[in-house]
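For reference, the structure is listed below as C-alpha cells.
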Amino acid sequence: MAVSPALLLVDRNLLARKQNARLDRQNDLGWKLFGKVPLRENAQKDSKKIQKEYEDKAGRPSKPPSPKQNVRKNLDFEPLSTTALILEDRPANLPAKPAEEAQKHRQQYEEMVVQAKKRELKEAQRRRRQLEERCRLEESIGNAVLTWNNEVLPNWETMWCSRKVRDLWWQGIPPSVRGKVWSLAIGNELNITHELFDICLARAKERWRSFSTGGSEAENEDAGFSAADREASLELIKLDISRTFPNLCIFQQGGPYHDTLHSILGAYTCYRPDVGYVQGMSFIAAVLILNLDTADAFIAFSNLLNKPCQMAFFRVDHGLMLTYFAAFEVFFEENLPKLFAHFKKNNLTPDIYLIDWIFTLYSKSLPLDLACRIWDVFCRDGEEFLFRTALGILKLFEDILTKMDFIHIAQFLTRLPEDLPAEEVFASIATIQMQSRNKKWAQVLTALQKDSRDVEKGSPSLRH
C-alpha cells in the first residue's frame with residue numbers, strides 16, 4: 001500500500017521529538033557541593049566551561065581572580081587543605097564572611113604558617129647538626145685509624161701504654177683496627193696456633209657426627225666426662241646460638257655467622273673439656289667473630305676465658321666469685337655510699353646483677369657499639385674495668401635506683417635501657433675512683449683472697 005508523503009513527514013517529526021526528549025532526560029540537572037548547576041550540554045563538558053556558563057547566567061561576568069584567591073599560589077609551600085579553607089571565599093549561594101571573621105581567620109592561618117616554618121627550621125637545624133657531628137666523627141675516626149696503623153701498631157710494645165694511646169683507647173678503637181688491637185692486648189699466653197684450632201674443630205665435628213649417628217658411650221667418653229654431659233653441652237650450644245644477638249639475625253640458623261660461631265664454641269669444648277660450654281660464652285665469641293677471622297677469634301676467645309676473673313666465673317668457683325663480689329662492694333661503698341646503703345637495706349647482693357654483666361662482658365646487657373667500647377678499655381685495663389663499668393652504670397641511674405624496691409631494682413639492672421648514650425656512660429665511669437684507703441683494685445682483691453684462705457684454714461666447715 002502506498003504511503004503518502006504527508007504521513008512520512010509526520011513520522012519523522014515524531015521520531016525527532018522522541019530523540020530530543022531522551023537527550024533532555026540524560027542531560028538532567030547536575031549537582032555540586034553547594035547547590036545546583038545549570039543544565040549540561042553533554043556529559044564530557046569541562047568543569048571550567050560549566051562554571052563560566054553559570055556565572056554568565058547569574059549575571060556575574062567572568063573576571064580575573066583577585067589577589068586573595070592567588071594567596072595559595074604565592075606561598076612557599078602547599079598548605080594543608082583544612083587550613084587553606086580559611087583563605088577561600090565562600091560559595092556564591094552562602095552568605096559572605098563578615099570582614100572581622102575573615103580577618104581573624106587570615107591571622108590564624110598566618111600564625112599557623114609561621115609555626116610550621118619554625119618547626120621546619122628547627123628540623124633543618126637538627127639535621128644540619130647531626131650531619132656536622134657525623135662529619136666530625138668520621139674525621140676523628142679517620143685520624144685515629146692513621147695513628148693506630150702508622151704509629152701504634154708498628155711500635156706496639158713501646159706505644160700501647162703511653163698517655164697518648166691510653167686516650168685513644170678511651171675514645172674508642174676504630175672498627176677497622178679493633179680486631180688487631182684486641183688480639184695484641186689479649187695476647188696468646190696459651191700459644192694456640194691455627195693448626196691447633198683446626199685439630200680441635202675436627203674433633204668437635206667428629207663428635208657431632210658421632211652423636212647424630214648414635215655412637216656408643218665408650219667412644220664418646222674422654223678425660224672422665226660422660227657422653228651425656230657432652231651431649232648436654234652440645235645441645236646448650238645449639239640453644240644459646242639461637243639466642244645470641246637475635247636482632248642482628250646473623251648468628252641464627254641460616255645466618256652467615258651461624259656455622260662460624262658453632263665451630264668456635266665446639267672447638268673450645270674440645271680444647272677445654274674441663275670447662276666445657278657455659279651460658280654466656282656465645283656472646284663473647286660472637287663479638288670476637290665480628291672483629292676477627294675465625295681462627296684468630298678462637299685464639300682470642302680461649303686466652304680471654306683463661307684470665308683469672310673469667311675462669312673463676314665460667315668454672316663457677318663460688319669462693320673466688322664471692323671474693324670478687326666483696327671487692328666490688330668495697331669500691332661500691334666508697335663511690336656511692338647512699339646507693340650502697342639502699343641496696344643493703346633491700347638485701348640486694350651484687351650477684352643478682354653482676355653475674356650476667358661479667359659472664360657476657362656486657363655484650364648482652366648493653367648496645368653492641370657501647371659494649372665494644374667497654375671491651376676496648378677492658379683490653380687495656382683488665383678485669384678492674386669490668387667492675388668500674390658496673391659502678392659507672394649504677395652511678396648513672398643512682399637517682400632512679402634509690403627510689404626503687406628490691407624487685408624493681410633487680411628488673412631494671414637485668415634489663416638496662418636499650419638507648420644508653422655511650423658518652424654519658426663513659427662520663428659516669430670516669431667519675432669512679434678505683435682506690436679505697438690508698439689501695440687499688442688488685443691490692444684489695446689480693447687482701448680479700450688472703451683473708452678467705454685464712455678463714456677456710458681456721459674453719460673446716462667453710463671449705464665446702
For this session: Working carefully through the options GLU189, GLU151, find the one that is over 16 Å from ARG373 (Cα atoms), in contact (Cβ under 8 Å) with a residue 60 or more places away in the chain and either more than 33 Å from the chain's Cα centre (by Cα) or not assigned by the TED database to the domain that holds ARG373 (or both).
Result: GLU189
Problem set entry | Contacts under 7 angstrom Cβ, first residue in segment 282-301 being farther than 11 Å from PHE197 by Cα, partner in a loop (DSSP other than H, G, I, E, B) and of a type in the set (Gly, Ala, Ser), 6 or more apart | PHE283/SER363; ILE284/SER363; VAL287/SER363
Seminar exercise, completed: If we ask which residues in segment 318-337 are under 18 Å from PHE359 (Cα atoms), in contact (Cβ under 8 Å) with a residue 60 or more places away in the chain and surrounded by fewer than 20 Cβ atoms within 10 Å (Cβ to Cβ), their number turns out to be 4
Problem set entry | Flag for ILE400 being of a type in the set (Val, Ile, Thr), part of a helix (DSSP H, G or I) and open to solvent by 70 Å² or more (accessible area, probe 1.4 Å) | yes
Problem set entry | Matching residues, segment 154-178, being of a type outside the set (Ser, Thr, Tyr) and more than 18 Å from TRP375 (Cα to Cα) | PRO154, ASN155, TRP156, GLU157, MET159, ARG163, LYS164
Seminar exercise, completed: Matching residues in segment 230-262 (part of a loop (DSSP other than H, G, I, E, B) and surrounded by fewer than 16 Cβ atoms within 10 Å (Cβ to Cβ)) number 8
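Okay, residues lined up against (1) at pLDDT below 90; (2) not in a helix (DSSP H, G or I):
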site: PRO79; (1), (2): yes, yes
site: THR82; (1), (2): yes, no
site: ILE86; (1), (2): yes, no
site: GLN103; (1), (2): yes, no
site: LYS118; (1), (2): no, no
site: ALA144; (1), (2): no, no
Exercise. Among the hydrophobic types (A, V, I, L, M, F, W, C) and in contact with a Pro (Cβ under 7 Å, 6 or more places away or on another chain) - does that describe any residue in segment 410-433?
Worked result: yes
For this session: State which residue pairs qualify: first residue more than 10 Å from HIS342 (Cα to Cα) and inside segment 393-412, second residue modelled with pLDDT of 95 or more and of a type in the set (Asp, Glu) in any location, beta carbons under 8 Å apart, and separation of 6 or more residues or different chains.
Result: LEU396/GLU424
Exercise. Residues of segment 269-301 being under 21 Å from ARG373 (Cβ atoms), assigned to a loop (DSSP other than H, G, I, E, B) and open to solvent by 30 Å² or more (accessible area, probe 1.4 Å), which ones?
Worked result: LEU290, ASN291
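The values are calculated or read from the model by the stated rules, or taken from the named source; none is laboratory data. Computed from a predicted structure; not experimentally measured. Cβ sites come from the backbone with ideal geometry, for glycine too, and all protein chains shown count toward neighbours. The accessibility values were calculated without ligands, DNA or RNA, using every heavy atom of the protein model including side chains. Shrake-Rupley method; radii C 1.70, N 1.55, O 1.52, S 1.80 Å.
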